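A short write-up of the structure that comes next.
The values are calculated or read from the model by the stated rules, or taken from the named source; none is laboratory data. Since we're looking at a predicted model, the values are computed, not measured. Neighbour counts run over all protein chains shown; Cβ positions are idealised from the backbone, glycine included.
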Amino acid sequence: MKPNFNLQPEFLEDDIVKLIPLQRNHFDKLYKVASDPLIWELHPIKNRYKKEIFIPFFDAAVNSESAFLISHKDTNEVMGTTRLYDYNFEKSSIAIGFTFTGRKFWGGCYNSAIKKLLIDYVFQYVDSILFHVGSENIRSQKAVLKLGALKINEINFPHNGTDIRHFEYELKKK
């Protein structure tokens with residue numbers, strides 16, 4: 001494993017998308033995307049489109065110092081956000097998640113482009129990537145399987161005093 005793993009590089013980009021470190025001044029543009037209730041209908045936190053629910057999500061992302069604003073490479077339009085988390089040096093693993101994009105960017109090449117940028121980057125430093133997907137989020141489960149990840153566990157994450165069932169998927173470095 002290489003030293004000096006930066007969980008929030010200055011930017012990652014390809015021909016389709018750019019990932020740049022999430023900053024507080026991104027709130028208004030990102031919330032404009034996140035305020036669509038249909039984005040959250042399959043997510044465990046279904047009311048995250050409400051500003052008072054989105055603010056703690058956004059604050060946690062910025063404070064993590066491992067979250068990214070996703071923007072369209074050609075237009076600079078804000079598409080959503082994603083984050084690295086649960087880095088474990090000993091297990092040589094990290095998780096990718098807390099990802100959402102606007103409906104305009106569902107399907108097609110966008111999700112795979114976003115994940116490929118992160119996967120290619122983190123596989124320089126770790127041997128395993130984990131994804132935690134809500135048990136009802138069929139759309140994201142299918143997307144993770146398309147990446148080649150395998151379901152390895154079912155776990156509960158606490159949120160506001162309630163356990164939320166998630167499926168854990170793993171993608172191993174080849």
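Below is a table of values for the structure above.
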item	result
Matching residues, the stretch 23-67, being of a type in the set (A, V, I, L, M) and either under 14 Å from GLY102 (Cβ atoms) or in contact (Cβ under 8 Å) with a residue 60 or more places away in the chain (or both)	LEU30, VAL33, ALA34, LEU38, ILE39, LEU42, ILE45
Residue count, the stretch 45-88 (criterion: buried (at least 17 other Cβ atoms within 10 Å of the Cβ), closer than 22 Å to LEU130 by Cβ and hydroxyl-bearing (Ser, Thr, Tyr))	4
Pairs with Cβ under 6 Å, 6+ apart, first in the stretch 81-101 and small (Gly, Ala, Ser), second not in a strand (DSSP E or B)	SER92/MET1; SER92/VAL126; SER92/ASP127; SER93/VAL126
Every residue from the stretch 56-88 that is outside any strand (DSSP E or B) and more than 11 Å from LEU30 (Cβ to Cβ)	PRO56, ASP59, ALA60, ASN63, SER64, GLU65, SER66, LYS73, ASP74, THR75, ASN76, GLU77
Extreme residue, farthest from ASP163 (Cα to Cα), among residues of the stretch 29-41 that are of a type outside the set (Val, Ile, Thr) and part of a helix (DSSP H, G or I)	LYS29
Residue selected from the stretch 21-38 under the condition closer than 12 Å to MET79 by Cα and out of contact with any Gly (no Cβ under 6 Å at 6 or more places or on another chain), by the criterion surrounded by the most Cβ atoms within 10 Å (Cβ to Cβ)	ALA34
Scan of the stretch 55-95 for residues that are closer than 22 Å to SER112 by Cβ and among the small types (Gly, Ala, Ser), ordered by number	ALA61, SER66, ALA67, SER71, GLY80, SER93, ALA95
Checklist (1) over 21 Å from LYS104 (Cβ atoms); (2) part of a strand (DSSP E or B) applied to PRO44, failing item	(2)
All positions within the stretch 123-165 that are of a type in the set (D, E, K, R) and over 15 Å from THR99 (Cβ atoms)	ASP127, GLU136, LYS151, GLU154, ASP163, ARG165
Test set (1) crowded, with 18+ Cβ neighbours inside 10 Å; (2) outside any helix (DSSP H, G or I) - LYS91 fails condition number	(1)
In the stretch 125-174, the residues that are β-branched (Val, Ile, Thr), modelled with pLDDT of 95 or more and surrounded by fewer than 17 Cβ atoms within 10 Å (Cβ to Cβ)	ILE152
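Every residue, every condition in (1) part of a strand (DSSP E or B); (2) among the acidic types (Asp, Glu); (3) free of Cβ contacts under 8 Å to residues at least 12 places away in the same chain; (4) under 27 Å from ASN76 (Cα atoms), yes or no:
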residue: GLY108; (1), (2), (3), (4): no, no, yes, yes
residue: ASN111; (1), (2), (3), (4): no, no, no, yes
residue: LYS115; (1), (2), (3), (4): no, no, no, yes
residue: ILE119; (1), (2), (3), (4): no, no, no, yes
residue: TYR125; (1), (2), (3), (4): no, no, no, no
residue: HIS132; (1), (2), (3), (4): yes, no, no, no
residue: GLU136; (1), (2), (3), (4): no, yes, no, no
residue: LEU145; (1), (2), (3), (4): no, no, no, no
residue: GLY148; (1), (2), (3), (4): no, no, no, no
